[in-house]
Amino acid sequence: MKNPAASVVVTLPAEIDLYSRQQVYDRLRGACASGAPVVIADFTSTRHCDTESMRRLLAAHEFAAASAAQLRFAIPPGSPVRRVLDPLDPDRRVPVYDSLSEAEAAIA
């Protein structure tokens, strides 16, 4: 049986673009629908995410909220992904952590 208190980590690919964005979005959405209270999108190995793909992934935040889950992003400082995210989510609707371990530690 699944532990509802456990977080779910979704490890994202090195590149997220037109060809992979829907699959990545579907993985995040599925994790949010799983009953886990916290879903962490692990961007630590992601080196490229275009603007439209990031917009699509930010839409997963609304789905998470509707599913009573919290979506968090783990994105290292200086990552190209952060440079795409910052102008798209200036109010930080989605909490961003510098590492996966930070995102997991904030759950406790």
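None of the figures in this text is laboratory data; all of them are computed from the coordinates on show. Please read all numbers here as calculations on a predicted model, not as lab measurements. Neighbour counts run over all protein chains shown; Cβ positions are idealised from the backbone, glycine included.
What are the residue pairs meeting all of these: first residue in segment 36-49, first residue aromatic (Phe, Trp, Tyr), second residue surrounded by fewer than 16 Cβ atoms within 10 Å (Cβ to Cβ), Cβ atoms under 6 Å, and 6 or more apart or on different chains?
Nothing qualifies.
When the residues of segment 63-85 are filtered to those that are of a type in the set (D, E, K, R) and in contact with a strand residue (DSSP E or B) (Cβ under 9 Å, 6 or more places away or on another chain), which remaining residue is farthest from VAL24 (Cα to Cα)?
My answer is ARG82.
How many of the residues making up segment 7-62 are in a strand (DSSP E or B), among the hydrophobic types (A, V, I, L, M, F, W, C) and in contact with a Cys (Cβ under 8 Å, 6 or more places away or on another chain)?
Residues meeting the conditions: 2.
For PRO76, are the conditions met, namely being within 18 Å of ARG47 (Cβ to Cβ) and in contact with a Lys or Arg (Cβ under 7 Å, 6 or more places away or on another chain)?
Against the criterion (within 18 Å of ARG47 (Cβ to Cβ) and in contact with a Lys or Arg (Cβ under 7 Å, 6 or more places away or on another chain)), PRO76 does not qualify.
Looking at (1) touching a Phe, Trp or Tyr at 6+ places or on another chain (Cβ under 7 Å); (2) at positive phi, which one does GLY78 not meet, given that it meets all the others?
In the conditions (1) touching a Phe, Trp or Tyr at 6+ places or on another chain (Cβ under 7 Å); (2) at positive phi, GLY78 misses (1) alone.
Restricting attention to segment 41-87, and to residues there that are among the aromatic types (Phe, Trp, Tyr) and under 18 Å from GLU104 (Cβ atoms), which single residue is surrounded by the fewest Cβ atoms within 10 Å (Cβ to Cβ)?
PHE73
Would you say VAL84 is out of contact with any His (no Cβ under 6 Å at 6 or more places or on another chain) and in a strand (DSSP E or B)?
no
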